[in-house]
1. Using alpha carbon coordinates only, what is the Rg to Rh ratio of region 177-286, with Rh defined as the Kirkwood radius?
2. How would you rank 149-157, 15-23, highest first, on the average number of other Cβ atoms within 10 Å across their residues?
3. Using a Förster radius of 45 Å, what is the FRET efficiency between residue 82 and residue 257 based on their Cβ-Cβ separation? Nearest 0.05, please.
4. Once you place label points 7 Å from the Cα toward the Cβ at residue 89 and residue 168, how far apart are they in nm?
5. Normalized C-alpha radius of gyration of region 242-328, against 2.2 N^0.38 Å?
6. For the chain, set up a Gaussian network in which alpha carbons nearer than 10 Å are linked by springs, and say which option among 313, 267, 297 fluctuates the most.
7. Over region 171-226, what lengths in whole Å, largest first, do the semi-axes of the equivalent ellipsoid take, defined as the square roots of 5 times the eigenvalues of the alpha-carbon gyration tensor?
8. Place a +1 charge on the Cβ of each Lys and Arg in the chain and a -1 charge on the Cβ of each Asp and Glu, then give the dipole magnitude about the Cα centre in debye, rounded to the nearest 20.
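Values in this text are rule-based calculations from the coordinates and carry no lab data. Quick caveat: nothing in here was measured; it's all calculated off a predicted structure. Cβ sites come from the backbone with ideal geometry, for glycine too, and all protein chains shown count toward neighbours.
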Amino acid sequence: MTRKIIHIDMDAFYASVEQRDNPSYRGKPLVVGGSPTQRGVVAAASYEARKFGIHSAMSSRIAIKKCPSLIFVHPRFDVYREVSEQIHDIFASYTYSVEPVALDEAYLDVTQNKQNIKYASTIAKLIRADIFKQTGLTASAGVSMNKFLAKMASGMNKPNGMTVILPENAEAFVEALPIEKFHGIGKVTAAKMHSLGIKNGADLKLRSQKELTDCFGKAGEYYYKIARAQDDRSVEANRVRKSIGAETSFTQDLSDKQSILSELQEIAIILKQRIDKHQASGRTITLKIKFSNYRQITRSKTLLAPINDLETIGAKAIELLESVDLNEQTIRLLGISVSNLDNDDDFVDLPLLKFLSKKHNF
């Protein structure tokens, strides 16, 4: 029984809004984020900036070195929120089943839809046209039978493009996909897979579920399924985000204090970017440490007021680190998360309507 899932991803959303609203920014390398002089971080980069190797979560100091003429614009989350609401109103005109991922990204289940449109690809085209007409912004779309494939498809023809992966082509698509392109497989995991001779989906498909779980833990079950183009996750229309985090696994274990502190600061920068993207703040900060022997610990601190600034996040993470007796142990993973969130980017829709069609009408 085949579902019809659309993944909509706005093109360089924050940066595109700024270029839309200020004609002098158009066609120029631009980032939305903090100033290089204030240890800022890039929240979004225009496509002109991306040509210089600039991307979200990058330090603003590094970004300005890559492109000295780079334009920095302070985020206007009230504007982004307003535009995002316009876009979600468009989604709601086609289906009840909308799962927001962030202000600029969402999954839609259109297996059963409000306008009784037969093809999911038709709905995706109409949505993209509506978004451009009402906001002046472009969006890319992926259409397929599950969330994984729809997500992969939406990134294949950016910006302002659409890709459809039909059910009969799904396994062949995954088999040909380079392992580092898989959504959910990061740089460290991709490097480990390469060391095991897994370079694409076809190689991944040759491995048994036991092999993958032995090597990658619980995530191995996910890798086993997506290698076969399987993803049974539903579109959760009433999903509420409980925490925002960032973590890094290291190819070489960390042993000296300075390296640990440096990596912790880089993780804090990435976390700050994600917090900004969700226009969130939180009162509980948690430090996660996994040692070389795979023993894992966490340390948390709950504050009286919500935080979302990089300086406080970094300082509290270091404070939590100082409370841990490392005892000459080496570290293979560090992570920081913020919970007890106080944000307003969660969209609550009507209960999810579950309906699975037997036909492959994409």
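1. My calculation of the ratio gives 1.02.
2. Sorting 149-157, 15-23 by mean packing, highest first, produces 149-157, 15-23.
3. Details: r = 45 Å, r/R0 = 1.01.
It comes out at approximately 0.50.
4. Placing both labels 7 Å along Cα→Cβ, they lie 4.1 nm apart.
5. Normalised Cα radius of gyration, region 242-328: 1.08.
6. Looking only at 313, 267, 297, the biggest GNM fluctuation is shown by 297.
7. 15, 13, 10
8. 740
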